[in-house]
1. Given a 1.4 Å probe and the protein chains all in place, what does the accessible area of Trp463 round to, in Å² to the nearest 10?
2. Determine which aspartates and glutamates satisfy two conditions relative to Lys372: a Cα distance under 20 Å, and not lying fewer than 8 residues away in the same chain.
3. With θ set to phi - 60° and the Karplus curve 6.51 cos²θ - 1.76 cosθ + 1.60, what are the ³J(HN,Hα) couplings of segment 478-495 in order, to the nearest whole Hz, using x for Gly and Pro?
4. Leaving out ligands, DNA and RNA, and with a 1.4 Å probe, what % of the accessible surface on segment 570-632 is carbon or sulfur?
5. Explain nothing, just compute: Karplus ³J(HN,Hα) = 6.51 cos²θ - 1.76 cosθ + 1.60, θ = phi - 60°, for every residue of segment 449-464 in order, whole Hz, x for Gly and Pro.
6. Please report Rg (one decimal) and Dmax (integer) in Å for the Cα set of segment 182-330.
7. Lysines near Lys41 by alpha-carbon distance under 21 Å, same-chain residues fewer than 8 away left out - which ones?
8. Report, in cubic angstrom per residue, the convex hull volume of the C-alpha atoms of segment 444-498.
Amino acid sequence: MHGLLHGLLIFPFYIAPLSAAQSASAEESLQQLIQRAHQLKLAEHPDWLNLLHYKQSASGRLYSQADDERFFLAENGAEDAWAELQASLQVFYHPTENADAVCRFPARLHWLSIQLGQQLKESSPGAEQTCEDYLKWKQRFQTSSGLTLLFPGMYLNNPASMFGHTFLRFDENRKSPLLSQTLSYAASHDEEDSFVTYAWKGITGGYDGRFFMRPYYETLLEYSDIEQRDIWEYSLNLSAEEIEQLVRHLWEVKGIHFEYFFLRENCSYRLLALLDVARPGINMSLDSHPVYALPVDIVRDVERAGLISERLYRPAMQSRLLQMTRQLGDKGTRLAKEVADGSLSVTDVNNDGGDIEKARILKLADQFISYKDNTQSNDTLQFDILSELSRLGLQQSQVDFKFTAEPPESGHSSARIQLSAGQLEDIHYYELGLRPVFHDSLDDARGFIHGSSVNVLETRLRWSEDRRRLKLQSIDLFSMRSLLPVRDWDYTSSKSISFSLQRIEWPDTKSDMTFISRLAIGYTAQMSQFTLFAMLDGELDYSPGLEDHHVAYLGGQAGLLWQARSKDFSAQLELSSRVLQQVSGQEGDKHRHYAGLQINSSKDRALRFEYTNTDYSFFEVEEISLSALFYF
């Protein structure tokens, strides 16, 4: 059998007709090959399941996440791994008659040839030589010497990027990384879609997901320069053969329709599936993340799989300026600003630190200018700065700034369980809270942007002594807050938005579930370890129990955040007040004062104390609680 099969496939494009006896013998050999695949249980092998993007549903049913009939050779291949494997063997065994299909699935052919011996492996080169489109497309990866996972951090101005993003870079020999190709997976959405439309379609799978490739310098322009997002680069220790198999599979899924789900089958999860194909045995996407997959969770998966060989931090311009001003101090920063605005000549910079300090001041001035819109006068000024730096004749290492940050995967886990005991007025209660994602202002900020928070579907169930039964207390449907301090070079506004269902306790022992929407915008300042913020605030509440079923407020809020950190300890504090005046619906203003303190005993364990005083004009409510937090 092996000799005959070898003979057939070493000349896969020999077109002389076979005799009936030869055809029967070839079919018998094919059946023996299929039987061998059955004995080895290849259809159940995790590598085969990864190649076809098979997953198990909650009921145990096998299905493929590829939502495109072109991805399958068997009629029921989307749900039957064995049927798809048999159909693939039949195609690969007769490459002449099935040239188009052979060219469509080089990764499958490569894997099956390894599992079943030289018969299929020897047919692969001959078959590939006729695949002109594949060979031409593949040329862009021929010089790839490595693969890098890239993680741009949170960007709260875009709902698609609030949790960060991930993509892959194919590094090339003897070329700058800026010229390398990057691969990303994203939803094909209409730019005219509203926030609500985008969120709904993204959650329900209303968009198609597609793979996109573009040069790294274009990616940097969008993420780092325009959106001002720090980027972490993770060099992966994949071999040349593993990268080649990933490229083969990328050809197989190129143009194939996958439904895009914002919470799970998103940019990160789909790249995780590609890495599963590249390195056999890691199976990161096979059983993990049954509900959602955040970009930072994917980075942690890749780290746990042992794929990361090196990390590189690439700070955005805002982060560079912030760290440079801290390293130079107040006097050096002031001189750099004077050079940048033209009030001080580059030759007149005089600082006690000598030439090295002067060079660092000029480098900061150059960064200040680059951050603004360039004009002809700025180009001339930057030329003068470079000329003066050249005249000083210092080594680059002498004047370089050090840019550091905590990698995103070092932060707490994304999900959280909260066990609380508290008192509302004179009533004791116990509460269970579950937050699927992601981070709030009292959570440990290690690996996150301090002052930024995003929470989705945080749910709390409460048992109280007066009612003696478990009741839904609140659902935080979505909340986002971005407290970014203003700087001399940046006046970005701070903002907050939230939508929630909350149980409101009234003085007559009645309680109502109320839909609450909030929007606030203002500014934030940084003073040492304190982050101070002030915002204009608006709130709209809806409940059948309210007069005219609603109440609308306008007002303001102010507060501060504080954090302390040492090697073995960290704590966060928030104090805030909201003063809201009723403008429509139920009469009565509302004032709310809040204090929260969290002490972290480890990365994923913490204690939290909270106090809230809410004054509804005609009655006042005080609440105090102590919570144990477990992140997972």
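The values are calculated or read from the model by the stated rules, or taken from the named source; none is laboratory data. Treat the numbers as computed from the prediction; the structure is a model and nothing was measured. With ideal geometry, Cβ positions are generated from the backbone for all residues, glycine too; neighbour counts draw on all protein chains shown. All accessible areas refer to the heavy atoms of the entire protein, side chains included, with ligands and DNA or RNA removed. Shrake-Rupley method; radii C 1.70, N 1.55, O 1.52, S 1.80 Å.
1. Answer for Trp463: close to 80 Å² accessible.
2. Straight-line reach from Lys372, under 20 Å: Glu218, Glu222, Asp225, Glu227, Asp230, Glu338, Asp341, Asp384, Asp488, Asp490.
3. Per-residue couplings from phi come out as 7, 9, 9, 9, 10, 10, 9, x, 6, 10, 4, 9, 8, 10, 4, 7, 8, 8 Hz.
4. 58
5. 7, 4, x, 10, 8, 9, 10, 9, 6, 6, 10, 10, 10, 10, 10, 10
6. 17.4, 56
7. Leaving aside lysines fewer than 8 places away in the same chain, those within reach of Lys41 are Lys55, Lys121.
8. Enclosed volume per residue, from the Cα hull, is 117 Å³.
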